[in-house]
Amino acid sequence: MQSKGVMRLAAKRVLITGAASGIGLACARVMAEHGAHVLGCDIDDAALSVVAGEAGMAASMRLDVAEEPDWAAGAAWARREFGGLDAIIHSAGIGVGGDLTTLSLESWRRQQAVNLDGSFLAVKHMLPLLREGGGGSITLIASVTGLRGSAVFAPYAASKAGVVALMRSAARASAAAGDGVRVNAIAPGVIATPIFGRMEGVNAAATDPVATAARLVPLGRAGQPEDIAHAAAYLASDEASYVTGIVLPVDGGLLMS
Ligand SMILES: NC(=O)c1ccc[n+]([C@@H]2O[C@H](COP(=O)([O-])OP(=O)(O)OC[C@H]3O[C@@H](n4cnc5c(N)ncnc54)[C@H](O)[C@@H]3O)[C@@H](O)[C@H]2O)c1
């Protein structure tokens, strides 16, 4: 249970993508501790089913964020099982790198399909659900690379820059519509999660978060998934009711370096 006794998300219904691992899993755990009813989604339903109970998820389902029918099914599921949603944390993502002069178009497109198309589909299918309930919060997990660029992870950085522009556009549209929906992004820096072992198209040196952080991050160490989860819990909470359209870096100072 939440140790400090502050239930920031009491009874809020929160859908989290990428909930089987890393940042999404930490978000599920921390937000459940804050009193949220967490609906966990991931393409890896086997891994999700192993962690769902222990992380305090109220329910879980397989959802490939790049597939529109999966989002339609997810929205129908949330409506049927929970009567709607109050917040979305969209954390599912993959990391594709490589030299821009040799990178295949197929790799580029796979990267954009999961990270950028997935974020678009999240907004497209979840915003109506939040509006039905009179408002809510969408938090997209972007990346510091989307703000700084990356020599090693260009496809990934481009996808995350797109996520930031999508977020700002959705935030502006919701504010203009007066629909009560806030839309924000978190830009993690170097966070120690399994994603480093899953990176495509990069050499081994780029897949070690500890060495990468020691080299690049002013605080000199990698962050933990919980560092992102606490920021996500804040943005989804009513304490952030005047916060929309921001990119919140949680990066040990990486952006200023
Ligand atoms: N770890 C970092 O240093 C870091 C830094 C910046 C941004 N991020 C972003 O944070 C988010 C979470 O990354 P993480 O570090 O927790 O990685 P992770 O690999 O631990 O978790 C990602 C999860 O997303 C799921 N996933 C992948 N493709 C999917 C799809 N098509 N549909 C549904 N689920 C899918 C995976 O199965 C996995 O459970 C990603 O968007 C990532 O780009 C991570």
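Of note:
- A dipole drawn for the chain from +1 and -1 charges on Cβ atoms has a positive end, and of Ala204, Gly18, Pro218 the residue lying farthest that way is Pro218.
- Pairs of Cα atoms nearer than 8 Å and 6+ residues apart set the relative contact order; for the chain it is 20 percent.
- Heavy-atom surface of the range 13-251, accessible at 1.4 Å and reported per residue (Å²): 41
- The gain in end-to-end length when the Ser107 to Leu255 segment is fully stretched comes to 50.6 nm, 0.36 nm per residue minus the alpha carbon separation.
- Rotationally averaged projected area of the range 107-235 (alpha carbon convex hull; nm²): 8.2
- Volume of the Cα convex hull of the chain, divided per residue and given in Å³: 120
- Less than 5 angstrom separates the built amide H of Gly84 from those of Arg79, all sequence-distant by 5 or more or on a different chain.
- Computed over protein heavy atoms with a 1.4 Å probe, the carbon and sulfur contribution to the accessible area of the range 13-251 reaches 55%.
- Under a Gaussian network description of the chain, with springs only between Cα atoms under 10 Å, the residue in Leu105, Leu48, Leu116 that fluctuates furthest is Leu105.
- Separation in nanometres of the label points that stand 7 Å from Cα toward Cβ, at Thr207 and Ala58: 3.9
The values are calculated or read from the model by the stated rules, or taken from the named source; none is laboratory data. Keep in mind the model is a prediction, meaning the values are calculated, not measured. Cβ sites come from the backbone with ideal geometry, for glycine too, and all protein chains shown count toward neighbours. What goes into the accessible areas is simple: the full protein's heavy atoms, side chains included, and nothing from ligands, DNA or RNA. Shrake-Rupley method; radii C 1.70, N 1.55, O 1.52, S 1.80 Å.
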